[in-house]
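Only one structure is covered here, and it is reproduced in the block below.
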Amino acid sequence: MESLLNDLAEFYESLDAALQPTKQACGACGECCRKASKLRVYPLELQNIRRFVKDESCIRKFVDFSNNKVVKIWGDIEGHCPFQEGDRCSIYHVRPYFCRVYGHYNFRGSNLLKGCVYCGHSIIYYDRLELPLYEEFLKLMEKVPQLV
């Protein structure tokens with residue numbers, strides 16, 4: 001497992017480098033985390049996050065969130081990522097693939113939030129296979145037994 005987690009870290013470095021040409025100065029408003037409607041997180045990514053986060057109840061909330069369930073996260077707020085602290089991501093350096101490409105790539109040109117600094121600067125895509133290094137990502141994910 002440790003070898004696969006190391007492979008994931010190397011993949012994320014490659015992905016971040018591939019995204020560099022489309023990088024904008026993020027407004028760091030946190031709206032994408034508060035208003036995300038769907039987030040797919042793969043088992044290996046969840047294991048990677050578990051290495052960083054020791055609070056299992058927070059992990060369970062994240063699993064519910066990433067499985068598109070609307071859950072009570074911190075009291076009266078429903079449905080946002082439990083790793084969002086204010087406007088910042090507390091797991092930024094281990095965030096999942098789809099969090100990394102958000103903003104850079106815009107599904108059908110309509111999934112960015114109004115006012116996002118990436119509006120007008122993102123690459124429109126229609127199929128996940130158009131995302132950077134997505135096929136390599138899937139090959140890495142296929143090496144993993146079901147973990148969750």
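The values are calculated or read from the model by the stated rules, or taken from the named source; none is laboratory data. Since this is a predicted model, take the numbers as computed values, not measurements. Here Cβ is always computed from backbone atoms with ideal geometry, including for glycine, and neighbour counts include all displayed protein chains.
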Self-check item: Unmet criterion (only one of (1) more than 12 Å from the chain's Cα centre (by Cα); (2) at pLDDT 85 or above; (3) crowded, with 19+ Cβ neighbours inside 10 Å) for Tyr102
Solution: (1)
Exercise. Answer yes or no: is there a residue in segment 113-132 that is under 20 Å from Ala9 (Cα atoms) and crowded, with 18+ Cβ neighbours inside 10 Å.
Key: yes
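Residue by residue through segment 11-30, note down the ones that are at pLDDT below 90 and surrounded by fewer than 17 Cβ atoms within 10 Å (Cβ to Cβ).
If we filter segment 11-30 for residues that are at pLDDT below 90, which is where we start, we get 20-30.
Those that are at pLDDT below 90 and surrounded by fewer than 17 Cβ atoms within 10 Å (Cβ to Cβ): Gln20, Pro21, Thr22, Lys23, Gln24, Ala25, Cys26, Gly27, Ala28, Cys29.
Considering segment 81-99 alone, what residues qualify as being assigned to a strand (DSSP E or B) and either within 20 Å of Cys119 (Cα to Cα) or at pLDDT 90 or above (or both)? Working first, answer last.
Step one: list which residues in segment 81-99 are assigned to a strand (DSSP E or B), which gives 84-85, 88-89.
Passing the criteria: only Arg88.
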Quiz item: On the given criteria, is Glu142 acidic (Asp, Glu), more than 27 Å from Lys23 (Cα to Cα), out of contact with any Cys (no Cβ under 9 Å at 6 or more places or on another chain) and modelled with pLDDT under 90?
Solution: no
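Which residue out of Lys54, Lys114, Lys69, Lys38 is part of a loop (DSSP other than H, G, I, E, B), under 17 Å from Tyr125 (Cβ atoms) and at pLDDT below 90? Spell out how you get there, then give the answer.
On the way: Lys54 fails: under 17 Å from Tyr125 (Cβ atoms); Lys114 fails: under 17 Å from Tyr125 (Cβ atoms); Lys69 fails: under 17 Å from Tyr125 (Cβ atoms).
Being part of a loop (DSSP other than H, G, I, E, B), under 17 Å from Tyr125 (Cβ atoms) and at pLDDT below 90 holds for just one of Lys54, Lys114, Lys69, Lys38, which is Lys38.
Taking His93 as the residue in question, decide whether it is out of contact with any His (no Cβ under 7 Å at 6 or more places or on another chain), surrounded by fewer than 18 Cβ atoms within 10 Å (Cβ to Cβ) and without any contact (Cβ under 8 Å) to a residue 60 or more places away in the chain.
Working: out of contact with any His (no Cβ under 7 Å at 6 or more places or on another chain): yes; surrounded by fewer than 18 Cβ atoms within 10 Å (Cβ to Cβ): yes; without any contact (Cβ under 8 Å) to a residue 60 or more places away in the chain: yes.
So His93 passes the test.
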